[in-house]
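A quick write-up on the structure given underneath.
Taken together, the values in this text are just the output of simple stated rules run on the coordinates, not laboratory data. Note that the structure is predicted; figures quoted are calculated from it, not measured. All Cβ positions, glycine included, derive from the backbone under ideal geometry; neighbour counts span all protein chains shown.
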C-alpha cells in the first residue's frame, strides 16, 4: 500500500489534482458547503477552454527552451469573431463556422512559425509580434460585432449530463487522443526528442523544421477552436475574449508537470492545472479578493512551481 502511494506521489500530475481538491475544499468550507456541486460543474466547464489551448501550448513548450506561443489570446479573439460572422446565427452554418475558426487559427500558427524560421528570431519575440498584428486585424474585423451564436451551438456548449458538462467529456476524449499522439505516434515522440536535444534529433535523422511547423500550426488551430467554443459559451464574440488565456495556457502546462526546458510533457497534468487555476480563482472570488491580487497569486504560483521543478534535469 505504501509503495503504491509512493509510486502515485511520484507522478507529477497528481499534485495539480491534489491542489485543485484542496482549493475546492477550502472554498466549500468557507461557504459551509453551499454550492459545492455547482462549483465543480462550473469548474469543469471553464477548465475545458484552458485545457484546449493548454494542450497546444504544451506541445510548443515541449519543443525546447524558448518555444512558446504568446499569440494565443489574439488568435482566440479573432477566431471567435470569424466563427460568429460565418455562422451568422444559423445552426446550419455551425460546421462551416468551426472550419473557418480552425482556418483562422491555422493561419496564425503558420505565421508564427514563418516568423521564427524565416527571420531567425526567438519564438517569444516572433509570437508576441504576431499577436499585435492579429489583434489589429481582430479590432478592425470584430470590433462592435453583435452577432450572437446559433441557438443550437450555444446550447451545445452548455449541455450537462448528470451534472457533467458534455463539452468536458468530449475534451477528456480529446486529451486522451493527444496523449496517444504524444507517446505512441512518431509525431509526438519526435517532439519529445527535439525538446530533449535538438542537435541529436537532427543527427538522428528527424525532420526538425517540419515537426516545429506542424506543432505551431496545431497550437494555432486549437486556439481557433477555443475562440469558437468560447463565443458559443459566452453567447457572442469579443475582442478580449481570449485575454486571460496567455497566462493560463502557460500556467496549466507548468503546474501540470511539463518541463519548461523541453523534452518532457504531461497531458493529465494539463487538466489538473486547469482545474486548480479555475477553482483557485473561484475561491479567491468567494473570499472577495481583487483581480490584481488574483493575478499576482497566479504569477507567484507559476514561479514557485518552476522553482520547485528546477532540480529536475531534462535528459540530454
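For the chain, the relative contact order works out to 34 percent when only alpha carbon pairs closer than 8 Å and six or more residues apart are counted.
For the peptides 71-78, 47-54, 159-166, the ranking by packing is 71-78, 47-54, 159-166, with the highest mean count of neighbouring Cβ atoms within 10 Å listed first. Between residue 118 and residue 189, the contour length at 0.36 nm per residue exceeds the alpha carbon distance by 23.0 nm.
For the chain, what does the helix formula give at 222 nm: sum of -39500 (n - 2.57) over DSSP H segments with n ≥ 4, over the residue count, nearest 500 deg cm²/dmol? Per the formula, -24500 deg cm²/dmol. Efficiency by 1/(1 + (r/R0)^6): what FRET value for residue 304 and residue 125, r their Cβ-Cβ distance, R0 = 35 Å, to the nearest 0.05? My answer for the efficiency is 0.85.
Expressed per residue, the C-alpha convex hull volume of the chain stands at 148 Å³. Extension gain, residue 96 to residue 235, is 48.2 nm, computed as 0.36 nm per intervening residue step minus the present C-alpha separation. The fewest-to-most ranking of 244, 209 by surrounding Cβ atoms within 10 Å reads 209, 244. Highest-first packing order for the peptide set 99-111, 119-131 is 99-111, 119-131, based on the mean count of other beta carbon atoms within 10 Å. Taking 169, 191, 55 in turn, the Gaussian network model of the chain (Cα-Cα springs below 10 Å) assigns the largest fluctuation to 169. The simple Förster model, with R0 at 41 Å and r as the Cβ-Cβ distance, assigns residue 290 and residue 164 a FRET efficiency of 0.80. Comparing Cα centroids, region 167-194 and region 123-157 end up 26 angstrom apart. Each label point was placed 7 Å from the Cα along the Cα-to-Cβ direction; for residue 172 and residue 155 their separation is 2.4 nm.
Among 21-27, 63-69, the peptide with the highest mean count of other Cβ atoms within 10 Å heads the list, and the full ranking is 63-69, 21-27. Give the relative contact order (percent, whole number) for region 81-221; include only Cα pairs under 8 Å separated by 6+ residues. Worked out over region 81-221, it gives 34 percent.
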